[in-house]
Amino acid sequence: MCTGIKVTATNGDIFWGRTMDLNIPMFGTPEGLPAALDNVVVISTVPAGVDMPSPLTAWTSKYAFMGVGIKGTNVVLDGVNEKGLAGDTQVLMECTRASADDIAARKQTAVLAEEFVSFVLSQFASVAEIRAAYTDYALLDEPYAVFGQKISMPLHYCFVDTTGDGIVLETVKDGSFTIHDYAGAVTNSPPYDWHLINVRNYLGMTNIDPSKPTKLPTGYELAPIEGGTGFGMFGLPGDYTAPSRMVRALNLAAYLKPFDRDLGIERLYSAFRTVIIPPGLEHKGDVTSWSDYTRYWSGYDLTERTMFVQSGEGLAITSKKLDATVTETTYAQIDTSNNLHTV
């Protein structure tokens with residue numbers, strides 16, 4: 001369960017972000033999990049021109065990039081590169097993968113799902129470049145080995161750049177990617193084309209509160225409750241399923257009051273507030289104390305190549321600006337405290 005949103009300032013600058021919603025601990029290690037998993041979700045910064053070792057095939061980074069990553073690996077869950085291209089992973093249960101033989105027979109290059117965002121951010125400068133090359137790649141049906149564990153996440157991917165162009169890439173058949181134009185928001189299963197059809201069920205929503213009574217053809221008059229206050233976005237679904245979050249995110253982002261770029265991150269965060277999931281609301285069953293909730297929110301100012309991260313464990317926000325001149329990979333801890341400014 002994750003949600004991605006893009007908003008645009010009046011000068012055209014793009015602000016984009018995501019929630020990471022999972023039933024998997026990310027900050028601190030609960031009892032029963034390997035201690036090696038403690039404090040490995042960090043802000044990773046990777047230089048241009050460095051070797052990227054991989055369980056599959058190593059590559060060399062063309063562009064510097066940073067994002068929320070897994071320390072000591074190539075895994076970046078979301079991030080931005082020096083050219084202002086940003087991207088993320090989100091769960092898609094319909095994700096498929098292919099064997100090495102099938103991928104080779106199609107003359108495609110095999111990639112690991114968990115490394116795909118870092119691969120793209122290190123190799124591509126824009127969404128247009130990805131559009132021209134995405135059919136060259138396919139997801140390999142091998143798990144990703146990390147910290148003695150083997151993981152295989154069903155994923156799809158969103159990429160956005162400073163022009164506002166955006167795409168969603170999915171592998172719903174044979175591990176090969178299909179492409180969709182990004183509508184301004186993205187969530188999880190079903191596939192993206194289903195969501196773009198479903199949002200049509202909400203064409204009648206408006207951000208205008210009714211101020212006058214409505215008379216039915218029968219003559220019966222309906223007066224708005226409380227003079228119409230609170231009717232903007234009336235009918236917006238309020239649950240945390242992916243279809244409902246998609247409708248909320250798409251409409252809330254679209255109807256935001258126009259804002260100058262200096263308010264970009266604040267406005268982006270405001271659009272995310274109704275899709276940030278509190279702990280305890282989404283359990284796999286009544287026998288587990290773990291719940292599916294927002295482990296972190298990240299927001300990106302694509303023009304400034306600056307990121308902001310807030311964990312689900314505290315109110316503090318950690319900010320970092322990409323330095324494209326770095327020569328070594330570095331890791332920065334994400335502040336999980338409340339870190340309040342008191343007066």
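Since every read-out is calculated from the coordinates, none of them should be taken as a lab result. Model, not experiment: these values are computed from the prediction. Using ideal geometry, Cβ is built from the backbone for each residue, glycine included, and neighbour counts are taken over all protein chains shown.
A few remarks follow.
- q = 0.11, 0.12 Å⁻¹, the stretch 1-149: log10 I(q)/I(0) [Debye, one scatterer per Cα]: -0.47, -0.56
- Net charge dipole, the chain: roughly 580 debye, given to the nearest 20, about the Cα centre with Cβ charges of +1 for Lys and Arg and -1 for Asp and Glu.
- In the chain, the calculated helix contribution to ellipticity at 222 nm averages -4000 deg cm²/dmol per residue, counting -39,500 (n - 2.57) for every DSSP H run with n ≥ 4.
- The stretch 99-172 - Rg over Rh from alpha carbon coordinates, Kirkwood radius: 0.99
- Counting all C-alpha pairs of the stretch 236-343, share separated by more than 22 Å (%): 47 percent
- Separation of the Ala254 and Ala58 label points, Cα + 7 Å toward Cβ, nm: 4.8 nm
- Our Cα-only numbers for the chain put the radius of gyration and Dmax at 21.1, 74 Å.
- What separates the Cα centres of the stretch 160-212 and the stretch 129-153 is a distance of 23 Å.
- For a paramagnetic label modelled on Thr96 (point 7 Å from Cα along Cα→Cβ), amide N atoms under 16 Å away belong, within the stretch 142-171, to 142, 154-156, 170-171.
- Relative to one another, the C-alpha centroids of the stretch 57-75 and the stretch 248-285 are positioned 28 Å apart.
- The stretch 167-239 gives an Rg/Rh value of 1.21, both radii derived from C-alpha positions and Rh following Kirkwood.
- Subtracting the Cα-Cα distance of Lys173 and Thr10 from their residue separation scaled by 0.36 nm leaves 54.7 nm.
- Under a 5 Å amide H cut-off, with hydrogens placed 1.01 Å from N, Leu22 pairs with Tyr293, Arg295 among residues at least 5 apart or on other chains.
- Subtracting the Cα-Cα distance of Leu263 and Glu226 from 0.36 nm times their residue separation leaves 10.2 nm of extension gain.
- Dimensionless Rg over Rh [the stretch 154-296; C-alpha; Kirkwood]: 1.04
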